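Quick note: the coordinates plus some simple rules give every number you see, no bench work behind them. All of these numbers come straight from a predicted model, not from anything done at the bench. Every residue, glycine as well, gets a Cβ built from its backbone with ideal geometry; the counts of neighbours run over all protein chains shown.
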Amino acid sequence: MAGLSILLVLLATGALLLGKASLSPGEVLGTLIGQGTPMAGFVIGELRLPRILTAVVVGACLGVSGSVFQSTLRNALASPDIIGITASASVVGVLSIVTFGLSGFTLSLVVIGGALVAATTMYLLAWRNGMSAYRLVLVGIGVAAICSGVVSYVLSRSDIQDAQAALVWVTGSLNNSTWKALVPVTVCAVVIMVLVGIFTRPVHTLELGDDTAAGLGVPVERTRLAIIASGVALAAVAVSIAGPLAFVALASGQVARRLLGTGNAGIAVSGFVGAALLLASDLIAQFALPTTSFPTGVVTGLVGAPFLIWLLVRSSRTGTGS
Amino acid sequence: MLAGLAVLLLVALASVMVGASNITPATVLDSILHYDSRNTEHLVIIEKRLPRTLIGIVVGVALGLAGTAAQGLTRNPIADPGLLGVSFGATLFVVLGIAFLGATALSGYVWFAFVGAALASIVVYSVASVGREGATPMKLALVGSAVSAACGSLITAIVLTDTQVLNSVRFWQVGAIAGRGYDVFWQMLPTFVVGTLLALLLGRQLNGLALGDDVARGLGQKVALTRLLGATAIVLLCGSATAAAGPIGFIGLAVPHIVRVFTGPDYRRVLALSAIVGPVMVLVCDIIGRVIAPPGELEVGIVTAFIGAPFFIALVRRRKLPAL
């Protein structure tokens, strides 16, 4: 965890320094203390700092959400993407952009509302004389399929300009990072994460299997429900600001697990991993190619995948793999 | 099973009959027996509907079998045939083909898709095989999703920088069996046949694997060989389907679950029935796509999501779910 924190700080510093308006480290430091030129203040305060903080918060939300899903459902492929949360957010986002031309804060609100409605619908659909996590996952997959069908349809039928704008949003980007959006998001995120923190020990016990956990006094279905609800809420919050960033949730959970050595779910570590992953991806997305800058979601797969593969290969070689 | 085959035949017939202009069964028979190229209805049947139906059947069988094999191989109920990176690899190479090599015709895409599917799955399988235990289900699934994500990122990167490519790809990517001629059918047939045979023969092995690697070995199965053959079957089948029709998402995942409700967990029966339910699903969705939005059509890939998913959800709600 200490290593990750250092990495985060390094990345954040890098993000503060890099950019089209070149600022010297002295100016950056000056602005942070409160005595800088107005231009530096604008660049740091309005452009870079909110973007960095948004990356950290969104990355942490996605990381924790992914880890929560993976340990509660005991399935390495589980993540908010698979069970339809980010997919339903995509649908709402794409429809809002293409049909209603929304953007910015309004778009975020609509998306979060849509994702929560979808999550409730999925829960109700999966509820039949009680809740089963397996059924919830399958219903989620069905809903995800419907949503991706709608997105495909809209992308193939709309005007090419709209299709491009929708595609950018669906990929996920941090271009909309503003203080106005960041504050409520961070507050929500913190509240939900506290909830997750309270449930961490029962969740670790759940990993031993339902019967063992019940024997150890954990209210199995209720815990699972509460923690999945928190995971859904975190993912919805993250997606409302940055769009459905692919792979961050899945990768962070797995990377955290392997960094810690097998056994421990590492929910908190996943948050750090997610934040670092997103920050690194954002830097690469903005500055890797001198002429173009990509939406962040394009790079998350390119950064996360090789790293996860490297970890898998390393743990396989040393025999600590799965 | 026989009932299933009968349903398949009926649906196939319907697929040839139904469309923008409905054609009677008598005409269909006539066009096959006494083909008259000056008769427009005969033309429509032989040149458009028949290849479409044939490709639909083949794609359905391929995806149904590949999905069952994928879930059996990884012991993971949310695995789908794209898990070895096949769909994304195929799409990536089609995008590369369009962007850098100027591929235009649909039959051109087919070869790129094949190459991409093969390369992606080779990468996934080799990386997952590193280490003493070989390609365990968990590693296969994880490496597969990592490679898919990387391919997805590359695809988006290319497509966002070049509007032309986006324009060509977004139609291919929806997944459709319309507009493909006999050439596409023959192109995919060899790999499809090999893949189908391989998959159907693996039933007993998959049953053993489902009990866990150690038990399977204890029963005398060669686990590593089964995994290799299974992975090959998945790649051949899913690769052919994606090359012919573009990435059609939901079928490989849903068909095994639907079939299992009727057959129970024995993989020999699940595989056999998947080979029937798969094409029925594809053809039914294609037919619906033709009639639901006149004067245009909805592609199969979209309809499977809209129709298949609610049906799947209803099924999940109704029955007691057998464990994987």
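What the table shows:
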quantity: Distance-filtered residues of the stretch A:56-98 - backbone nitrogen under 18 Å, label point 7 angstrom along residue A:216 Cα→Cβ; calculated: A:68-75
quantity: In nm, spacing of pseudo-spin labels at residue B:224 and residue B:292 (7 Å Cα→C-beta vector); calculated: 4.7
quantity: Net charge of neighbours whose Cβ lies under 14 Å from the Cβ of residue B:77, counting Lys and Arg as +1 and Asp and Glu as -1; calculated: +3
quantity: Computed magnitude of the charge dipole of the protein assembly as shown (debye, nearest 20; Cβ of K, R +1, Cβ of D, E -1); calculated: 1260
quantity: Max mean-square fluctuation residue, GNM over chain B, Cα-Cα springs under 10 Å, options B:149, B:62, B:90; calculated: B:149
quantity: Test item: Cα-centred dipole of chain B, Lys/Arg +1 and Asp/Glu -1 on Cβ, debye; calculated: 960
quantity: Within-11-Å neighbourhood charge of residue A:152 [Cβ basis; K, R +1; D, E -1]; calculated: +1
quantity: Distance (nanometres) between label positions extended 7 Å along Cα→Cβ at residue B:317 and residue B:186; calculated: 4.9
quantity: Burial order of peptide ranges A:63-70, B:119-126, A:141-148, B:298-305 (average beta-carbon count within 10 Å, highest first); calculated: A:63-70, B:298-305, A:141-148, B:119-126
quantity: Residue mean of other protein chain beta carbons inside 10 Å, A:156-163; calculated: 4
quantity: Modelled label reach - residue A:121, point 7 Å along Cα→Cβ, the stretch B:278-305 residues with backbone N closer than 18 Å; calculated: B:302-305
quantity: Pairwise FRET efficiency - residue B:3 versus residue A:10, Cβ, R0 = 56 Å, nearest 0.05; calculated: 0.30
quantity: Furthest towards positive pole of dipole, B:276, A:88, B:265, structure part the protein assembly as shown, Cβ charges; calculated: B:265
quantity: Longest site-free stretch - chain B; sites: trypsin sites (Lys or Arg not before Pro), DSSP loop, at most 14 other Cβ within 10 Å; calculated: B:223-318
quantity: Helical segments meeting 15 Å axial Cα length and Kyte-Doolittle 1.0 threshold in chain B (DSSP H); calculated: B:2-17, B:50-74, B:86-100, B:106-129, B:137-161, B:182-201, B:223-245, B:251-263, B:267-291
quantity: In the stretch A:86-144, the chymotrypsin sites (Phe, Trp or Tyr not before Pro) that fall in loop regions by DSSP, at most 16 other Cβ within 10 Å; calculated: A:127
quantity: For the stretch A:170-299, size of Cβ-based charge dipole, Lys and Arg +1, Asp and Glu -1, in debye; calculated: 180
quantity: Projected label distance in nm at residue B:43 and residue A:291, using a 7 Å step from Cα toward the beta-carbon; calculated: 4.6
quantity: Listed residues B:230, A:140, A:114: farthest to the positive end of the dipole of the protein assembly as shown (Cβ charges); calculated: B:230
quantity: Averaged over B:292-298, number of beta-carbon atoms from partner chains that fall within 10 Å; calculated: 1
